[in-house]
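Peer 1: One structure follows; several queries about it will come next.
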Amino acid sequence: MVQKVLTIIVITAICVFHLSGCKKRSGEYEQPVVKNKAEYETEAEKQITKENMAQELGKIEKEMEQDIAQEQ
């Protein structure tokens, strides 16, 4: 009799844990924000000026070289 009661309690506990599942963390499954071409162009116009154009180009070239090195 005691064994049946314990078995029922264990099975009930397993079912409750299974049905409750894992809690979703905030932001865990959100889609990343993807910018379109116009948004990138607008952002670039604000950040890149005639005065810092060569410096920004150097940064972009350096990032590209790092990406290429990582791929190899």
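The values are calculated or read from the model by the stated rules, or taken from the named source; none is laboratory data. Being a predicted model, the structure only gives us computed values, none of them experimental. So basically every Cβ, Gly included, is an ideal-geometry build from the backbone, and we count neighbours across all protein chains shown.
Peer 1: List every residue pair whose Cβ atoms lie under 8 Å apart, where the two residues are 6 or more positions apart in sequence or sit on different chains, the first residue falls within segment 41-58 and is loosely packed, with under 11 Cβ neighbours inside 10 Å, and the second residue, located anywhere, is among the charged types (D, E, K, R).
Peer 2: GLN47/GLU56
Peer 1: Step by step: first the residues of segment 31-72, then only those that are of a type in the set (S, T, N, Q) and under 23 Å from the mean Cα position of the chain (by Cα), then the one that is modelled with the lowest pLDDT. Which residue is that?
Peer 2: GLN31
Peer 1: Being basic (Lys, Arg) and in a helix (DSSP H, G or I) is the filter here; which residues of segment 33-62 pass it?
Peer 2: Scanning segment 33-62 gives LYS37, LYS46, LYS59, LYS62.
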